Amino acid sequence: MKYFTAIVHQDGDSAFGLTFPDLPGCFAAADSWDGIPAAAAEALDLWFEDMPDVDPAPLDMVRKRADVAAALASGASLMHVPYIAAGSVVERVNITMERELLRAIDQTAKARGMNRSSFLAVAARHALVGD
């Protein structure tokens, strides 16, 4: 998992805007602070659909950039956004868990038209990146 730095800004009572200094043209908006992780994850997924893999710059290097310093001086804040590339290679794993938890997972997955593996992957992604 990689962590990209986002510049989060808000003008008055408007939506929160996010830009990513490491990823030119990658931006997102969220109506609330709680909506930022999902909006950021979607923006990163869309950006990486057409762009090559990029390693995030260390936070201290991002802070030294003139555009970032100007944004921070005008009231923006920085946020580390976790990113897990979508569509990576699938790997079979063996896990152990409580029987009743497994039954609950299977029932919920079936009710949502999913299989156990896809349900667990969605739940894990949500827990890790809020998407």
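Taken together, the values in this text are just the output of simple stated rules run on the coordinates, not laboratory data. Nothing here was measured: the structure is a model prediction, and the numbers come from that model. Note: ideal-geometry Cβ built from the backbone for every residue, glycine included; neighbour counts use all protein chains shown.
Brief remarks on what is shown
- Of the trypsin sites (Lys or Arg not before Pro) in segment 80-131, the ones in a loop by DSSP (not H, G, I, E or B) with at most 12 other beta carbons within 10 Å are 92, 112.
- Averaging the sequence gap over all C-alpha pairs within less than 8 Å and six or more residues apart, then dividing by the number of residues, gives the chain a relative contact order of 30 percent.
- Listed values for segment 98-107 are Karplus-derived 3J(HN,Hα) couplings in whole Hz (6.51 cos²θ - 1.76 cosθ + 1.60, θ = phi - 60°), namely 4, 4, 5, 5, 4, 4, 5, 4, 4, 5, and x replaces Gly and Pro.
- Translational D in µm²/s for segment 1-88 (Stokes-Einstein at 20 °C, 1.002 mPa s, Kirkwood Rh from C-alpha pairs): 161 µm²/s
- Listed residues 57, 29, 111, most fluctuating in the chain (Gaussian network, C-alpha, under 10 Å): 111
- Highest-MSF residue in the chain out of 38, 70, 28 [GNM, Cα springs under 10 Å]: 70
- Whole-Å semi-axes of segment 90-131's equivalent ellipsoid (Cα gyration tensor): 16, 14, 11
- Computed per residue of the chain from DSSP H runs no shorter than four, each worth -39500 (n - 2.57), the mean residue ellipticity at 222 nm is -13000 deg cm²/dmol.
- Sites residue 63 and residue 11 - FRET efficiency at Förster radius 25 Å, r taken between beta-carbons, to 0.05: 0.70
- Exposed loop sites here are GluC sites (Glu not before Pro) assigned a DSSP state other than H, G, I, E or B and surrounded by at most 11 other beta carbons within 10 Å; excluding them, the longest clear run of the chain is 1-90.
- The length gained by stretching the chain between residue 118 and residue 101 to full extension, at 0.36 nm per residue less their Cα-Cα distance, is 4.5 nm.
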